Amino acid sequence: MDNFPHSISSSSDDNDSYEDLILYTLLSATRDMVRERGESSNVEKKHRKWINRDREAAHELLIRDYFVVDSLYDLSKFEKRFRISRNLFLRIPRDLARNYEFFQLRWDARGKRGFTTIQKCTTALRQLAYGIAADASNEYLKMSKKTGRECTYLFCEYVIEFYRDIYLRHLTKSDAEQLYVAHQAKNGFPRDAWCIDCTHWEWANCPNAWRG
């Protein structure tokens, strides 16, 4: 069953090149999370009190807040909080759901619906974007610490596996030129898209020790 909002198109737009840069940056960041997975798996297990969380209501709230045409928060708020555009966000969970069982909508043995792809990717991106704890979204997404951590680790692992050959390959001269153009069009900075020292950006409050 498709758990994606149908009101929003996930087709590429004029910002494809810039979104490629963002996705490349995301992939680079996820590698550290994958390395930490082995360390956390050795943590002593503790008895947890079972909490009856309303996953379906949390999904509906998330959709109303960010993913419908008249969403509570507009595109600028979405990009500020998720650190990527909504089109790019929707592209990632669709790719993951098509290729990895964990990110597909499933039901347990009791017939209770599990977390949707949107919920799993949201908690993963929130942890990556803000460096928050795995259970920081518990109240909003109704997701336990264990599940939130698992979503983030598998998100990192699968995103790297799926997009690695495209975005983690060595840049060609043509790739670099396209990224420079997209970066300058988006941010107004010439040339180097990764180093602020090469942007020649005037900073009014620059410390005296750094001037020149």
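The values are calculated or read from the model by the stated rules, or taken from the named source; none is laboratory data. Values in this document were obtained by computation on a predicted structure and should not be read as measured data. Every residue, glycine among them, receives a Cβ derived from its backbone with ideal geometry; neighbour counts consider all protein chains shown. Each accessible area value is taken on the protein alone, full model and side chains, heavy atoms only, with ligands, DNA and RNA left out. Shrake-Rupley method; radii C 1.70, N 1.55, O 1.52, S 1.80 Å.
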Legend entry - Inter-site label distance for Asp70 and Tyr130 at 7 Å from Cα along Cβ, in nm: 2.8 nm
Inset, instruction - Taking 7 Å along the Cα-to-C-beta vector as the label spot, tell me the His170-Arg94 distance in nanometres, rounded to one decimal. - result: 3.3 nm
Legend entry - Test item: Cα-centred dipole of segment 56-170, Lys/Arg +1 and Asp/Glu -1 on Cβ, debye: 80 debye
Inset, instruction - Mind jotting down the distance between the C-alpha centroids of segment 52-78 and segment 83-162, whole Å? - result: 15 Å
Inset, instruction - Go through Asp20, Asp65 and list them by solvent-accessible area, largest first, probe radius 1.4 Å. - result: Asp20, Asp65
Legend entry - Protein-only accessible surface order, largest first, of Val159, Val181 at 1.4 Å: Val181, Val159
Legend entry - Distance between modelled label sites at Ser28 and Glu60, nm, 7 Å Cα→Cβ extension: 4.3 nm
